[in-house]
Amino acid sequence: MQTLRTGGAGFFDPVGGTREILGVDTLTIDTEKDVNGDTGVNLGVGKYLNEKVYLELERTPNPSQPWRGNITIELTPTLTLESSTGGASGIEGFQLKWKPDY
């Protein structure tokens, strides 16, 4: 557990160490306001399933939408498909994003 204490590079990095222990690519800890305007903790973990597919799961402080899932699929180098779940209906929607390659 020396890695969790020191971050492996001589400095304290509990988020990086926890990310390594969990085996995820991203770990985010943030604050977010719920529907009542109260601030709570938002926790997210994400993993690249392969080099073109990224999956993220978030736990939010919002009681009407406590869990959110997001998936991003790179269809081409300039075209991605993003989809989100959560909310009252269970599906938030999807977006097709194009980014020009200059």
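Out of ASN42, ASN62, one residue alone is part of a strand (DSSP E or B), touching a residue at least 12 places away in the same chain (Cβ under 8 Å), of a type outside the set (Phe, Trp, Tyr) and within 30 Å of LYS99 (Cβ to Cβ). It is ASN42. State all residues of segment 37-56 that are surrounded by fewer than 17 Cβ atoms within 10 Å (Cβ to Cβ) and of a type outside the set (Lys, Arg); if no residue qualifies, say none. Within segment 37-56, GLY37, ASP38, THR39, GLY40, VAL41, LEU43, TYR48, LEU49, ASN50, GLU51, VAL53, LEU55 qualify. Picking from THR18, THR6, THR31, THR60, which residue would you name as being surrounded by fewer than 12 Cβ atoms within 10 Å (Cβ to Cβ), at pLDDT below 90 and either in contact with a Leu (Cβ under 6 Å, 6 or more places away or on another chain) or among the hydroxyl-bearing types (Ser, Thr, Tyr) (or both)? Just one listed residue meets the conditions, THR31.
Do we have GLU82 as modelled with pLDDT of 80 or more and charged (D, E, K, R) here? Spelling it out, GLU82 is indeed modelled with pLDDT of 80 or more and charged (D, E, K, R). Filtering segment 86-102 to residues that are assigned to a strand (DSSP E or B), over 18 Å from TYR48 (Cβ atoms) and at pLDDT 85 or above leaves GLN95, LEU96, TRP98.
The values are calculated or read from the model by the stated rules, or taken from the named source; none is laboratory data. If you're wondering where the values come from, they're calculated on a predicted model, not measured in any experiment. With ideal geometry, Cβ positions are generated from the backbone for all residues, glycine too; neighbour counts draw on all protein chains shown.
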